[in-house]
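S.K.: Take this structure first; my questions come after.
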Amino acid sequence: MVRTRIAMTIGDPSGVGPEIAAKLLAHRENLEKAQVYLLASQREVDALCAEFGVTIPTAAQPTPGAVTLVGSERQDIPVPRGVPSVEGGQRVMDDLLKALRMYKEGTVDSILFMPLNKSALHRAGMHEEDELRWFAMELGYEGFTSELNFIPGLATSRVTSHCGIKDVAGRINAGAVRDAITLLNEVLAGSGVENPRIAVCALNPHGGEHGQFGLEEIDHIGPGIELARYDGVTVDGPFPPDTTFLRAMKGEYDGVVTMYHDQGQIALKTIGFDEGVTVQGGLPVPICTPAHGTAYEIVGQNKASIRPAQRAFDIATSLGAARRA
């Protein structure tokens, strides 16, 4: 069996990312699922194992059942713990750049990064509005991208993401709606969902009430849905957003396309905050991460849960295998 090759970073070293990474890699079954290339030094791994009471088998070359240590440009450099820092942001950016190079060189099939802190990244020199745009820029990718969010049994994509509410309506068009639908369909299929069923949220209250509350559903969202159906996607809508997730949670749909960031995030974090995964959708390489922050307040207390990271690992493994195939 050909195993997925995953480049994995420890995330912001000031947060709980290193703890989560250590606990995740201490599970032998994970090292049987995929060949993990960890961007850390042996000294860092040894320190994490001692701190959190785990054992991680390592090797300098790809070896079944062991983590391959490929090092980091900023390994073994002390960083302040429990606070955002320039040093932490620099480590994250350098590690992600190396992971992208590994993908470009054909060494890995997917990337898994532990939680990062956006303010630390911006202090370290990231000027894009989010890491998804930064990834696209570094990869030279100009196609449609969308941050996808997963909880058990359900995933979402967005037509618009990190922009002000006042700008949302102006960014919605039929092509973007179609792209958000087809991207979600592709990723769901790649993660193992057969024949995904997708629902699309309306933008306006009550689905626009046939134009009474706005024309976006008639002029853009509906036509985008028809374009996706023409592409062979099983998709319905637009539905009033206040009931769409109720239908999805009853099992009618595997995925929901939302029009803006919080339309989907409020629902998913209410339903499954402790199990969320983010996929940087649309990029040439699958990039996954747990959908939570650096949790500075519990750093060093051995309290961080690996459930979101485990699901992110599993999704990175499935998507990497699908992409490689």
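The values are calculated or read from the model by the stated rules, or taken from the named source; none is laboratory data. Bear in mind that the values here come from a model prediction, so they are computed numbers and not experimental data. Using ideal geometry, Cβ is built from the backbone for each residue, glycine included, and neighbour counts are taken over all protein chains shown. Heads up: the accessible areas ignore ligands, DNA and RNA and are worked out on the full protein's heavy atoms, side chains in. Shrake-Rupley method; radii C 1.70, N 1.55, O 1.52, S 1.80 Å.
S.K.: Which helices of the chain meet both criteria: a Cα extent of 20 Å or more along the helical axis and a mean Kyte-Doolittle score no lower than -1.0, with helices taken as whole DSSP H segments?
M.R.: What comes out of the filter, once short or polar helices are dropped, is 86-104, 174-190, 307-324.
S.K.: To continue, here is another question. Mean projection of the alpha-carbon convex hull of segment 199-325 over all orientations, in nm²?
M.R.: Seen from a random direction, the Cα hull of segment 199-325 projects 10.0 nm² on average.
S.K.: In whole Å, what is the distance between the alpha-carbon centres of segment 20-45 and segment 91-115?
M.R.: Between the Cα centre of segment 20-45 and that of segment 91-115, the gap is 15 Å.
S.K.: Can you list the GluC sites (Glu not before Pro) in segment 129-187 that are in a DSSP coil and have 10 or fewer other beta carbons within 10 angstrom? Intermediate values should be presented prior to the final figure.
M.R.: Details: sites: Glu129, Glu131, Glu138, Glu142, Glu147, Glu186; in loops: Glu129, Glu142.
Answer by residue number: Glu142.
S.K.: P(r) for segment 103-221, please, calculated from all Cα pair distances in 5 Å bins and given in %.
M.R.: Reading the bins upward from 0: 2, 9, 14, 19, 19, 16, 11, 6, 3, 1, 0.
S.K.: For the chain, what proportion of DSSP beta bridges, expressed in % and rounded to the nearest 5, is antiparallel?
M.R.: Counting only bridges with both partners in the chain, antiparallel ones make up about 30 percent.
S.K.: Still on this model: May I ask for the equivalent-ellipsoid semi-axes of the chain, computed as the square root of five times each C-alpha gyration tensor eigenvalue and listed largest first in whole Å?
M.R.: Semi-axes (√(5λ), whole Å): 36, 20, 18.
S.K.: Turning to a different aspect of this structure: Taking segment 233-308, which trypsin sites (Lys or Arg not before Pro) meet the DSSP loop condition and have no more than 14 other C-beta atoms within 10 Å?
M.R.: Values: sites: Arg247, Lys250, Lys269, Lys303; in loops: Lys250, Lys303.
Taking segment 233-308 and a limit of 14 other Cβ atoms within 10 Å, the loop trypsin sites (Lys or Arg not before Pro) found are Lys250, Lys303.
S.K.: Compute the accessible area per residue over segment 223-325, keeping the other protein chains in place, probe 1.4 Å, unit Å².
M.R.: Heavy-atom accessible area per residue stands at 43 Å².
S.K.: Viscosity 1.567 mPa s, temperature 4 °C: what is the translational diffusion coefficient of segment 69-171 from Stokes-Einstein with a Kirkwood Rh over Cα pairs, rounded to a whole number of µm²/s?
M.R.: Using the Kirkwood radius from Cα pairs, D works out to 82 µm²/s.
S.K.: For n ≥ 4 DSSP H runs only, could you compute -39500 (n - 2.57) per run for the chain, divide by its residues and tell me the 222 nm figure to the nearest 500?
M.R.: On the way: 12 runs with 133 residues, N = 325.
When only DSSP H runs of four or more count, the value is -12500 deg cm²/dmol.
S.K.: Please report the spacing between the Cα centers of segment 304-325 and segment 118-138 in Å, no decimals.
M.R.: With segment 304-325 and segment 118-138 each reduced to a Cα centre, they are spaced 23 Å.
S.K.: Please list Ser41, Ser318 from largest to smallest accessible area, probe radius 1.4 Å, with all protein chains kept in place. Let's see the in-between values first.
M.R.: Numbers: Ser41 10, Ser318 45 Å².
So, going from the largest accessible area down, we get Ser318, Ser41.
S.K.: When only Cα pairs under 8 Å and 6 or more residues apart are kept, what is the percent relative contact order across the chain?
M.R.: Value for the chain: 23 percent.
S.K.: From the P(r) of segment 1-141, could you give the percentage of C-alpha pairs in the tail past 20 Å? Walk me through the intermediate numbers first.
M.R.: On the way: 4314 of 9870 pairs.
Of all Cα-Cα distances in segment 1-141, 44 percent exceed 20 Å.
S.K.: Where does segment 9-67 land on Rg(C-alpha)/(2.2 N^0.38 Å)?
M.R.: Here the Cα radius of gyration is 1.03 times the empirical estimate.
S.K.: Let me ask another. Starting at 0 and stepping by 10 Å, how many percent of the alpha carbon pairs of segment 1-41 end up in each bin?
M.R.: Here the calculated profile for segment 1-41 is 28, 54, 16, 1.
S.K.: Kirkwood Rh, segment 101-153, all Cα pairs: how many Å? Write out the running numbers ahead of the final one.
M.R.: Details: mean 1/r = 0.0759 Å⁻¹.
Answer for segment 101-153: a Kirkwood hydrodynamic radius of 13.2 Å.
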